[in-house]
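Heads up, the thing below is written out as structure tokens.
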Amino acid sequence: MIKINKFEIENVKRVKAVKVEPTANGLTLLGGKNGQGKTSVLDSIAWVLGGNKYKPSQATREGSVVPPALKVTMSNGLVVERKGKNSDLKVTDPNGQKAGQQLLNSFVEELAIDLPKFMNSTSREKANTLLQIIGVGEQLHKLEAEEQDLYNQRRSIGQIASQKKKFAEEQTYYPDAPKEPISASDLIQQQQEILARNGENQRKRQQLDQIKQAHASKGQEIERIKQQLQEAEAVYEDLGRDLEIAQKDALDLIDESTEQLEANIQQIDEINRKVRANLDKDKAEEDANHYRRQYDELSKNIENVRQQKSDLLGNANLPLSGLSVEDGDLIYEGQKWDNMSGADQLKVSAAIVRKLKPNCGFILMDKLEQMDLDTLNEFSDWLEREQLQAIATRVSTGEECSIIIEDGYIAGQQIIEEKKNQQQKQWKAGEF
Ligand SMILES: Nc1ncnc2c1ncn2[C@@H]1O[C@H](COP(=O)(O)OP(=O)(O)O)[C@@H](O)[C@H]1O
Ligand SMILES: [Mg+2]
């Protein structure tokens, strides 16, 4: 991994002269009050390593009579310089051979010298950067599309299911109605059969009357025709027997009632209306259940896809524990980017950018005052464990700072005196 061994900057933006040998693993913290040149130092390093697209709009320090001079010595021996009137780039490799921006680009990660570019990218872009690093972007996008599709399906099915359920509930139900509609013709046929049987009974009753009359007339005949008595008695006897039988028959005769049937016939429409209503309700309930089951099935599928997604990320080699992607958003310890603390945002950015170009061993970070001292210590330990070199700034003059930048210089460095002397000399010589 390539690190920065030393940087020397003169007359860039607010910087007058700064020369630093940052620590190889961990945090080199440039402290100082506002407006003293801390960010100018980082801008200078970005310019010298990242190329002219990082050139500050007012690169030369106001009031400087000499052009900017920048020199960075890398751990692989490369010396990168910008100097002279046009601030031309000069890259010298250890063997003394010259090389250019292309060589620098091969190991300088753009986001490592321009972390705000990462921090200001959209949540989706950040998540994609992370997915790109861990190599599961394509699979995850596929699963996400699948999940979205299932989710949409389930939502429409869910709407139908609840409509159907409501509809089924609104239907009236008659617990006393028969299961199937009644047939009018059946009832009429039953009625006709009963009427036929009753008719037969009537016929038998009439027969009884006839026999009674005949018996009576024969009696009279017996009276009238005594001479025909023998004959008449025989007939009379016969008739007496018939009479006996007919009387016995008549005793057993019972008429069936058609009352219930008549009532049913009268109520047939009402009953059938209830039967149809019950059948409709059954159908509606079955319909509602069908959609309910479909909804549940889709829920299971969604759960399954979500599981696959979380497995995919769970098995991936994430640059920071607690980091994840959910629905295309970067998540750290359960929080989306805009809900993360400034400290967490810096930490997450560093962790992700760290993995983009594996041989880029350094990162520039501005505004570490967002971290309290505990967080700063923890971050510094993490950098050391990751063997990552961070050159960072912080509005502070506290002991946590490796170096204090003051008025474009490193506070307490000999150089201040030298420069003052130089300025005084120039002043005396009337150069200002
Ligand atoms: N070319 C320049 N020459 C002199 N001063 C500059 C130049 N460019 C910017 N500045 C001044 O530098 C100050 C900011 O410097 P900066 O490095 O951002 O400080 P810090 O990060 O320590 O707060 C501002 O006051 C700005 O006006
Ligand atoms: Mg600053």
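Tabulated data
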item: Long-range neighbours under 9 Å by Cβ, at least six apart or interchain, first residue among the polar types (S, T, N, Q) within the range 325-342, second surrounded by 16 or more Cβ atoms within 10 Å (Cβ to Cβ) and part of a loop (DSSP other than H, G, I, E, B); result: Ser341/Met371
item: Identity of the residue in the range 130-183, charged (D, E, K, R) and closer than 28 Å to Met119 by Cβ, that ends up modelled with the lowest pLDDT; result: Glu138
item: Top-ranked residue of the range 224-269 - restricted to ones that are of a type outside the set (Ser, Thr, Tyr) and outside any helix (DSSP H, G or I), ranked as surrounded by the fewest Cβ atoms within 10 Å (Cβ to Cβ); result: Ile254
item: Residue in the range 231-244 that is touching a helix residue (DSSP H, G or I) at 6+ places or on another chain (Cβ under 7 Å) and touching a residue at least 60 places away in the same chain (Cβ under 8 Å) present; result: no
item: Single condition Asn76 does not satisfy, out of (1) surrounded by 15 or more Cβ atoms within 10 Å (Cβ to Cβ); (2) touching a residue at least 60 places away in the same chain (Cβ under 8 Å); result: (1)
item: Count of residues meeting criterion [charged (D, E, K, R) and buried (at least 19 other Cβ atoms within 10 Å of the Cβ)] in the range 367-385; result: 0
item: Residue ID - nearest to Leu368 (Cα to Cα), chosen from residues in the range 342-356 that are surrounded by fewer than 19 Cβ atoms within 10 Å (Cβ to Cβ) and touching a Ser or Thr at 6+ places or on another chain (Cβ under 8 Å); result: Ala343
item: Positions within the range 28-54 being within 14 Å of ligand 1 (Cβ to nearest atom) and either more than 16 Å from Ile4 (Cα to Cα) or of a type in the set (D, E, K, R) (or both), in sequence order; result: Gly31, Gly32, Lys33, Asn34, Gly35, Gln36, Gly37, Lys38, Thr39, Ser40, Asp43
item: Any hit, the range 119-136, residues being of a type outside the set (D, E, K, R) and over 30 Å from Ile391 (Cβ atoms); result: yes
item: Output for the range 308-324, where each listed residue is under 18 Å from the mean Cα position of the chain (by Cα) and without any contact (Cβ under 8 Å) to a residue 40 or more places away in the chain; result: Ser310, Asp311, Gly314, Ser324
item: Strands (runs of 3 or more DSSP E) completely within the range 44-111 that count 1 or more residues being small (Gly, Ala, Ser); result: 69-74
item: Output for the range 368-377, where each listed residue is under 34 Å from the mean Cα position of the chain (by Cα) and within 16 Å of ligand 2 (Cβ to nearest atom); result: Leu368, Gln370, Met371
item: Boolean, Lys19 is on the phi < 0 side of the Ramachandran plot, more than 16 Å from ligand 1 (Cβ to nearest atom), surrounded by fewer than 22 Cβ atoms within 10 Å (Cβ to Cβ) and part of a helix (DSSP H, G or I); result: no
item: Enumeration of residues in the range 17-72 that are basic (Lys, Arg), touching a residue at least 60 places away in the same chain (Cβ under 8 Å) and more than 16 Å from ligand 2 (Cβ to nearest atom); result: Lys19, Lys71
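The values are calculated or read from the model by the stated rules, or taken from the named source; none is laboratory data. All of these numbers come straight from a predicted model, not from anything done at the bench. We place every Cβ from the backbone using ideal geometry, glycine too, and count neighbours over all the protein chains shown.
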